[in-house]
Amino acid sequence: MMTVRDSHPGTIDREQTDTDASLAAVWNVIVHNDPINLMSYVSHVFQRVFGYSQARAEHLMMEVHTQGRSLVWSGSRELAEHHVHQLHGFQLHATMERAQR
């Protein structure tokens, strides 16, 4: 909520009284295992979307395969939404969740 005070004629002082913490929060992109995509394809997608090395992409792919999911990226909400949309475009099951503090 923003309040406005008139301290001098012709000027407006803005005092921020509270903020939206969800905008500043860190968001995680999670990829879930599926029975459709080949492991090599998933690694390829991680390299393409995130620019990961082959070794990092294969490590994350193995987490997805063995644990059923992997946290593949963390950052701003806007970029997390973008990455989830990209991963859906490659037919991967991806979600985002707010990171625990």
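Run the quick spin-label model on GLN86 and GLU63: label points 7 Å from Cα toward the beta carbon, then report their separation in nm to one decimal.
Once both label points are built, they end up 1.7 nm from each other.
For q values of 0.13, 0.18, 0.31 Å⁻¹, compute log₁₀ I(q)/I(0) with the Debye formula on a Cα-only model of region 35-78, without solvent.
At q = 0.13, 0.18, 0.31 Å⁻¹ the computed log10 ratios are -0.26, -0.49, -1.15.
How about region 51-101: which chymotrypsin sites (Phe, Trp or Tyr not before Pro) there lie in a loop by DSSP and see at most 16 other Cβ atoms within 10 Å? The partial results should precede the final answer.
On the way: sites: TYR52, TRP73, PHE90; in loops: TYR52, PHE90.
Answer in residue order: PHE90.
All of the numbers you see were taken from the coordinates with simple rules; none came from a lab. Since the model is a prediction, treat every value here as computed from it, not as a measurement. Positions of Cβ are generated from backbone atoms using ideal geometry, with glycine treated the same way; all protein chains shown enter the neighbour counts.
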